[in-house]
Structures are given as C-alpha cells and as structure tokens.
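Written out below as structure tokens is the structure these notes cover.
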Amino acid sequence: MSSKLIAPSILAADFGNLQRDIEMINKSDADWFHIDIMDGVFVPNISFGMPVLKAITKHTKKPVDVHLMIIDPDRYIKTFADLGSDILTVHYEACPHLHRTIQAIKAEGMKAGVSLNPHTSINLLEDTINDIDLVLIMSVNPGFGGQNFIENTYNKVKQLKELITSKGASTLIEIDGGVTNKNIKALVDSGADVLVAGSFVFKSVKPLDTIKDLKIRANS
Ligand code: DX5
Ligand code: ZN
C-alpha cells in the first residue's frame, strides 16, 4: 500500500511570517503544500492571489497542490503552471466544460484535480474519472478554514473509491476541511490518500509534532 500523504493548508499559516511557516513545512514530515485560492465569488471569501503564490513557491521544497475556489478557472491555468503549481484542482461546480479544463491543466504539465462541494454527487464523475489525477472531496463548505468536518464525507469517500476501482483508474482521493487526529485514520480506512489539514496543524502548539503524528496515524 502506498504511503498516505499529509498536505498542510497554508491558509491557516501566519501570513506575517509566511517564509518561517513554509520552512517549517519543508523540514516536517508533510508531503505537499496545500494552497487555497479564493475569489470572493465562487466562495464568500478572498484568500490571496498570484503575487503571494509567487512568494510562496520561491521557498517551497515539496509539491505545491493548488486548490482553486474561483469561477472560470480556465483563464488562469497557464498562470498557475508558471507560478510553480504541481497539482491544479478546479471545482466541478465552476466548470461547464470540465473535460476540456482537465486536458488544459495536463497540457501545462500539471496533475489535474477536480473538487466536489459537499452537496455534489460522486456519480457526476463517472464519465471523467479516468482522466482525473486527483479528486478533492470537500469535507466542509469551501471558503474558510477552521470549520467542523461533515460526517457524510465518509460515505462519499467510499463511493469514490468504488468508482475508481470499478473503472480501473489510478485517481488519488484528497480530503479537505476539518481534518484532525480524530478522523484521519477513519478517512484513510474509507479510501483517502491525501489529507489536507489547516487549523489543526497551524493552531497547534508544536506544528512539527502535529504533522508527524498525523502522518503516523494516516499510515498506521
Ligand atoms: C477551505 C479550504 C481548506 C482549508 C482547510 O475552503 O479549501 O483547504 O484551508 O482548513 P481546516 O483544516 O482548518 O478545515
Ligand atoms: Zn483547500
């Protein structure tokens, strides 16, 4: 079984000490950087944009997993590739031509991710799953860190795992929102491969130890 991955979400970092927090992730047991881009339209919040992402990727030494919570993401695919994104995830709900968007992301040399809001059914990915490198299941409503985990996520992870297996796809399953040391193991047991954790890591007293503990629990 391949190793389960931990992706701390920079949204919960101290923006006044961004380089310090990035260096912390670099030397931690974390696997990826998870970066949330919000436009204030698709979600009711604005996070940060290109200049800040550029400053971040100057220091990152691990894969950069960019989660776009924006409308019409096709406009910026090349820009995010140029800024150093390794994985680019768009929202199913924001893409009327999802198949085309996935191909455009891959054409720029990135892994293509598709995210589903809590209300969006797994079945809607039946015809695209073999083209998708990663499905990000939102386990909170997107827009803010620090929200409570939605329990129905376990059912969705199991359904998605079944779909991936039945189609012979190699898609990774990522979970985003409310991930803690309490639910991480059950998520992995349901089929999750990548666990995003924002507040639980950055609001903890010793983030390095917290990441190490999450990594152990996810792989136990
Ligand atoms: C929410 C973002 C998440 C967020 C997770 O819209 O997509 O990545 O940073 O934060 P926590 O782990 O605090 O729920
Ligand atoms: Zn996210």
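For the stretch 179-195, indicate whether the set of residues that are within 15 Å of ligand 2 (Cβ to nearest atom), buried (at least 18 other Cβ atoms within 10 Å of the Cβ) and not hydrophobic (A, V, I, L, M, F, W, C) is non-empty. Scanning the stretch 179-195, I find no residue that is within 15 Å of ligand 2 (Cβ to nearest atom), buried (at least 18 other Cβ atoms within 10 Å of the Cβ) and not hydrophobic (A, V, I, L, M, F, W, C), so the answer is no. The residue list Leu124, Leu208, Leu136 contains one member that is in a strand (DSSP E or B), modelled with pLDDT of 95 or more and out of contact with any helix residue (DSSP H, G or I) (no Cβ under 6 Å at 6 or more places or on another chain), which is Leu136.
Any residue in the stretch 63-75 that is β-branched (Val, Ile, Thr) and farther than 19 Å from Pro8 by Cα? Yes: one or more hits.
Considering the conditions (1) within 15 Å of ligand 1 (Cβ to nearest atom); (2) out of contact with any Phe, Trp or Tyr (no Cβ under 7 Å at 6 or more places or on another chain), Asn45 is excluded by exactly one of them, (2). Here the condition is being among the hydrophobic types (A, V, I, L, M, F, W, C) and under 16 Å from the mean Cα position of the chain (by Cα); of Ile216, Ile164, Ile173, it holds for Ile173 alone. Each residue in the stretch 41-71 was checked for being surrounded by 15 or more Cβ atoms within 10 Å (Cβ to Cβ) and either part of a strand (DSSP E or B) or among the charged types (D, E, K, R) (or both), and 7 of them qualify. Of all the numbered requirements in (1) within 14 Å of ligand 1 (Cβ to nearest atom); (2) under 21 Å from Ser3 (Cα atoms); (3) of a type in the set (Ser, Thr, Tyr), Ser115 misses one, and that requirement is (2). When Val188, Val157, Val196 are screened for being near ligand 1 (Cβ under 9 Å from one of its atoms) and among the aliphatic types (A, V, I, L, M), only Val196 passes. Mind listing whichever residues of the stretch 48-71 are within 13 Å of ligand 1 (Cβ to nearest atom) and within 30 Å of Ser2 (Cβ to Cβ)? Correct list: Asp65, Val66, His67, Leu68, Met69. Looking across the stretch 158-178, the residues that are β-branched (Val, Ile, Thr) and away from ligand 2 (no atom under 16 Å from the Cβ) come down to Ile164, Thr165, Thr171. Counting only residues that are within 16 Å of ligand 1 (Cβ to nearest atom) and surrounded by fewer than 19 Cβ atoms within 10 Å (Cβ to Cβ), the stretch 124-151 holds 9 of them. Please determine, by comparing only the residues of the stretch 1-31 that are touching a helix residue (DSSP H, G or I) at 6+ places or on another chain (Cβ under 9 Å) and part of a loop (DSSP other than H, G, I, E, B), which one is nearest to ligand 1 (Cβ to nearest atom). Once the filter is applied, the top-ranked residue is Ala13.
The values are calculated or read from the model by the stated rules, or taken from the named source; none is laboratory data. Because the structure is a prediction, the values reported are computed rather than measured. Heads up, the Cβs are rebuilt from the backbone with ideal geometry, glycines too, and the neighbour counts pull from every protein chain shown.
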